[in-house]
Structure formats: structure tokens, C-alpha cells
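Below: one structure, written as C-alpha cells.
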Amino acid sequence: MSATTHSGPAATTTSSRGTAAERHRGRGERSRGASIALHAALITASAIAVFPVLWILFISLGPSTSWQQPHEVLKHLGLANYRFVLLHTSFPKWFLNSVIVAGATTVLGVLISASAGYAISRMRFPGHKSLMWTFLVTQMFPMAVLIVPLYNLLAQLDLIDTYLGLVLVYCTIAVPFCAWMLKGYFDTIPRDIDEAGRVDGLTPFGTFWRLIVPLARPGLAVTAFYSFLTAWGEVAYSAQFMGRDHSTLAAGIRTFASDQRADWGSMTAASVLIAIPATIVFLLVQRHLVTGLTAGGTKG
Amino acid sequence: MTTATMDEPAPGTAARPPREPRPGLMTSIRRSWDRHWYAWAMVAPVVIVLAVLVFYPLGYGTYLSLTNANETNVAKNIGPVHIGATYHWVGLHNYWQVLSGKDGDFYPRFEWTVVWTVCCVAVTYAIGLAMAMLLNRRVKFRLFYRLCLILPWAVPAFIGVFAWRLMLNSQYGVFNDIITSFGLPAQDWLGTPLSQKIAVIMVNIWVGVPFMMVALLGGLQSIPGELYEAAEMDGASPLQRFTNVTVPGLRPVTSTVVLLSTVWTFNMFAIIYLLLGNNTTGDTDILVTYAYEKAFTGVSDYSGAATYGIVILLILVAFSTFYRRQLKPEQA
């Protein structure tokens, strides 16, 4: 039922246009003044939301000192910062590392949290209540306590400075939240579908994989988005666990700022380049964000 | 089939039939395994990852908090030479130091952490709800507004923070230009403790609103339109419709979102750490950043950091237990 809400806006706009033509104000119609106020509020809020991002984009297009003279940027528009970042720094290497780590975290995180979420949603087994509680409690672990023991543990397992180690660590951050949300999402899918699958001779896992996963796409999209962003933007673990050759973008980009003089030109260009994949992933899943989050959030 | 079936109401948990004679321990384990192995197999990957990478470190951290471990006395390798650990058990000494206020830092930090969490969550919730309600109407360009408003969430947090750091720069930052054009006095945003506090709260709200908005928007859309129609028929004013239909309808979402964002804000490390870097006096440190600094600056005080971590965890567990218990009767 929640999957159909997307068609809502389109359908309602056409119908509202129909009633407006008839010149009497129906339910949900607004006076002109209210409309203007509404748009003004939304525009202001959007401007505040977007401005810092656009500002970085703007600064990055100027010369490398442009953050000190923002008004000079328009006279010297150019891609010099980007050229420098792409050709003369380790940025491409960091980028590749980040893609590997974030991609692996997303795939692994979504797979295991989906199967756990499904089991918790559909099967009643000893430990199912406490597992939900555990997922919530895991959110509360301050990473400052975990980081030292985690470092020792990874060192013992020879996972320091490896992609696998970092991916597993990121999974511990992403998975509890994802499993919690997916459990809620699976709860909204009627059980009749599972039963139909079982009658047709599917195993519980087969039901999950062939029937439920395709139906749960909005929920899965949101969790994928969350896992990807977690891995893409995490700083502290990456900075401590990964060596020079394997550092991800978030850890690597700090070297621009921590040198003697902060190189804001490269910093802004790199930031824009980092934000692009995240924004693309986001645009791909944003249609599902509302439905996915609701179902997960409410039934938690 | 021996696997856990879908529609059996909670076998093994609540509805254990009393008439059966109590089976031996082995048989009951066996029976429970036969019935539930499928479910356990499906949750096993998550449980294993969490057990190894969260609960083991947590246990180790708890152990450290009961010792006097610091950088000078833990085991380490200097070249080929291995130096054994020389720290020892001190019992609850660290906790006593912290909770009695003897270390002089806990209560000021705790106070600021509470202020920070309450401010951030309350304002973020209010703005998120307002935005969600605006977006839940028929508006032209709704998709465009929605995309703009969610953008701060899509951009990785550290980039958002860098953008703000650039904007808040006292000398060249554009933020001062903007507020002076509205007639407000320019501030040294990243300089003095008070303005630093305002700056971190502001940035955290900027980062946090989209999640709140999206979750609440979903909640609003799940409230059936008939309820509003019925309320309107009964002559309810817009305000009454808000308090009697919207607020109760949002309660499930609200309770989850407020709990989650309280926990996240309480533990918010990246924003404070990245926005202010090292030029703080320590006044803006919340408990988490303070613990991190204990562990990684100067002579690393591992036991102190671990103690703080455990105390933070206990505070949050206590809070969420209390919170959920308070909520239960209302939800019923």
C-alpha cells in the first residue's frame, strides 16, 4: 500500500487544477496570499539548505586563493583547482578506495541486514525481542570507547589497513539501523504473500529472496543509501585504521587542511568531487526515501 | 516442516503450553533448534559481526575502564623489542573519580552535552515537522523543494561541515556578510566559546533536519485523509486539527525519531570535532569528543576514555529504557 503513494502528487495536481478551473475553492485549496507565504517559506528553507553546498561549488571554480576574495571568483572562473586535485594529489587513489569500501559496505550491509530483518519480522524465535533491543543499543555505543579495542582486535586479526577490515567496521555502524528499518518495512508487506510462496513450495529463504526482496525495493533503497553514506563519509575509523595507501576520501582530504597552510582551493574542489557520487546515489533512491523511511520508522 | 513457521503465534516465547510434561534440557534445546534453526541462520551473520566487532571491543573497553591503562604502561612493540603491559586493576576507582566530580570535567561536560542534545533535537524536530507539513500540501515544484531540502543529508557530513567552516571564517567567511546585511552584528563564530557553541548547534541542525523531515513526511502521509475530513466536518479549526489529528497520528514516528536523534546527537562526534578542530578551549567538548581527546591527545589515557565511554553508554541506555517505558502506556 505504501508503494502507491508516489503516484499521489501527480494525480492530485491534475485534479486540483480541474477544481480550480471551476472557481470554487474546495478542500485543501488555498488563497493566493497563503500560497505566496507557503512558497516563500519553502524557498527560504531551500536556500538555507542548499547555500553551503553551492558556496563550496562556487569557491572551487575560482583560483586557489578565492576563499579569501569570494567576489573575485566570477572574474577568474576556471577549473584549475580540479585539475590540480585530479592530477597532482593522491585524490584518484583515495577515490577508488572509497568506492571499493563504500560499495562493499552497501552490498554486504544490505544483504545481511535484510536477511536479519526478514527473520525478525516473520519468524518468532527465542532471542528475537532481545535482538531488536540490541540493534537499538548498538546505536548508543560511543565510537570513542570502541576505537581503541577495535584497533587492537583488527590488529590481531591482521585486518588493519585492509579493505575488509574497514568494511566490517562500517557494517557494524550501518547494519543495526538498517536491520531495524527493514524489519519495519517487511512488517508492512502482507504475510499472505509469504504463505502463497510457501504453498508453492518455496523454502523460507526462497520466499524471502524471490518474493519479499523484490517487493521491498523502496526499503532496501533507503538502507542502501544509508549504508553508502555511512561508509562514504566516515572519518574517524578510516583515519585511524587505514594506512597512507588505503586511506579513503574522508581521511585523505584532511591532509589538504592539516598542512602548514590550509589549501582551501583543493579542499573545495575535492569536496565537490566527493559530493557528486553521494548526490547521484541519493537522486536514484530519493523517490523511495519517504515510503521506505516511514514504514521502517513507524513500526520500529 | 521443522522450521519456524510464519503464523504460529510465538512458539517458545510466550505461549508455552503448560500441559506438556517438562522435557529434559537436551531435548528442549534440540527441539528448539529444529524449529528455529532457519531463523537463527538468517540472523547469524549480523549477530556474528556485532558480537565480534561491537561486543568484544565493548567488553575489552569495560575491562580497560577498571584498570589504570595509559600510553606509558600498555603492551607495545618498539622495533623488535616487545614490552609487556604493566597496568593493573584499580576496580571502580576511575568511575569514582568521574562520578564524584573529582576529575573536575565530567559535570561541566555533561551539562553542555545535555544542553546541546536538547537544543539540537528540539529545534531539528520543530523545523523538520514544519518543513514536512509544508511539503505535505499540494504545492507546485514540490519535487524541487524536496530535493533541495534533503540535500544536506545527501552531501557527506564532513563536507557540509567544511562548507560551514569556510562560511563561518571570521576574516573571510561569507556568513558574517550575510548576517550583517540583515542588520545583525558580525561575530567571531569559531573564536569565543559561546559563539562556537551556537555555531556547532546551528551546523548540527542544518545536517539533521532532512532526516527528521523525511521521516515525519512519511508519517504525515500515513495519516488517512478521512480523519481530516471528519475533523473538518465536526468544525475543527486548523489548530485543533493539528493537535487532535496530526499530533496523535505522528506519535509512532515521533517516538522513534526523537529517540534515535537524541542518541545520535548525544554521540555526535564528527561535527564538533571537524568544525572546531583544535582551536577550542575545551568548553565546547561534549562527553564523546572529550573522551576521544583523552584517548588520542597528549599521553593517551585509555582507561579514562573507556570509563567515559561506559558512562555515556549507561546514560543512554538508562534514558532510552525510561523513554520507552514512558511511551508504552500512551501508545496502547
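FYI, it's all coordinate maths here, none of it is from the lab. Predicted, not measured: the structure shown is a model, and the values here were computed from it. Cβ: placed from backbone, ideal geometry, glycine included. Neighbour counts: every protein chain shown.
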(request) Express the relative contact order of the stretch B:101-331 as a whole percentage, based on alpha carbon pairs under 8 Å and six or more residues apart in sequence. (result) 27 percent
(request) Name the most mobile residue of B:ILE159, B:ILE310, B:ILE29, meaning the one with the largest mean-square fluctuation, in a Gaussian network model of chain B with Cα contacts below 10 Å. (result) B:ILE29
(request) With a point put 7 Å past each Cα toward its Cβ, work out how far B:THR62 is from B:THR192 in nm, to one decimal. (result) 4.6 nm
(request) Once you've got the GNM for chain B with C-alpha springs shorter than 10 Å, pick whichever of B:THR62, B:THR281, B:THR262 has the biggest mean-square fluctuation. (result) B:THR281
(request) As a check on your grasp of the helix formula, calculate [θ] at 222 nm for chain B: sum -39500 (n - 2.57) over DSSP H runs of n ≥ 4, divide by the residue count, round to the nearest 500. (result) -21500 deg cm²/dmol
(request) Please work out the FRET efficiency for the pair B:ALA51 and B:ALA126, using the Cβ-Cβ distance as r and a Förster radius of 35 Å; give the result to the nearest 0.05. (result) 0.35
(request) Identify, among B:TYR145, B:ILE179, B:VAL52, the residue whose Cα sits farthest towards the positive end of the charge dipole of chain B, taking +1 on the Cβ of Lys and Arg and -1 on the Cβ of Asp and Glu, with the dipole about the Cα centre. (result) B:VAL52
(message) Can you tell me which of B:PRO224, B:PRO80, B:PRO193 moves the most in a GNM of chain B? Springs connect C-alpha atoms under 10 Å apart.
(response) B:PRO80
(request) Would you mind ranking A:ASP161, B:ASP301 so that the residue whose beta carbon has the fewest other beta carbons within 10 Å leads the list? (result) A:ASP161, B:ASP301
(message) Can you tally the lysine pairs in chain B where the Cα-Cα distance is under 29 Å and the two residues are eight or more apart, or on different chains?
(response) 4
(request) Per residue of B:194-207, count partner chain C-beta atoms within 10 Å of its C-beta, then hand back the mean as an integer. (result) 0
(message) What does the structure give for A:109-116 when I average, per residue, the other chain Cβ atoms found within 10 Å of the residue Cβ?
(response) 4
(message) Please compute, for peptide B:124-136, the average count of beta-carbon atoms on other protein chains lying within 10 Å of each residue's beta-carbon.
(response) 2
(request) Report P(r) for chain B: all Cα-Cα distances, bin width 20 Å, range 0 to the bin holding the largest distance, values in whole percent. (result) 21, 45, 30, 4, 0
(request) For the protein assembly as shown, just list the percent of Cα-Cα distances falling in each 10 Å bin from zero outward, please. (result) 3, 14, 24, 26, 19, 10, 3, 1, 0
(message) Give me the one-decimal nm value for the distance between modelled label points at B:PHE319 and B:PHE182, 7 Å along each residue's Cα-to-Cβ direction.
(response) 2.8 nm
(request) Over every pair of different alpha-carbon atoms in the stretch A:89-299, take the mean of 1/r and invert it; report that Kirkwood radius in Å. (result) 18.6 Å
(message) Show me the chymotrypsin sites (Phe, Trp or Tyr not before Pro) within the stretch A:52-151 that DSSP assigns to loop and that have at most 13 other Cβ atoms within 10 Å of their Cβ.
(response) none
(request) Determine, for B:ILE127, A:ILE253, the number of other Cβ atoms within 10 Å of each Cβ, and report the residues in order from fewest to most. (result) B:ILE127, A:ILE253
(request) Can you pull the one-decimal nm distance between simple spin-label points at B:TRP37 and B:ALA85, each 7 Å off the Cα toward Cβ? (result) 3.8 nm
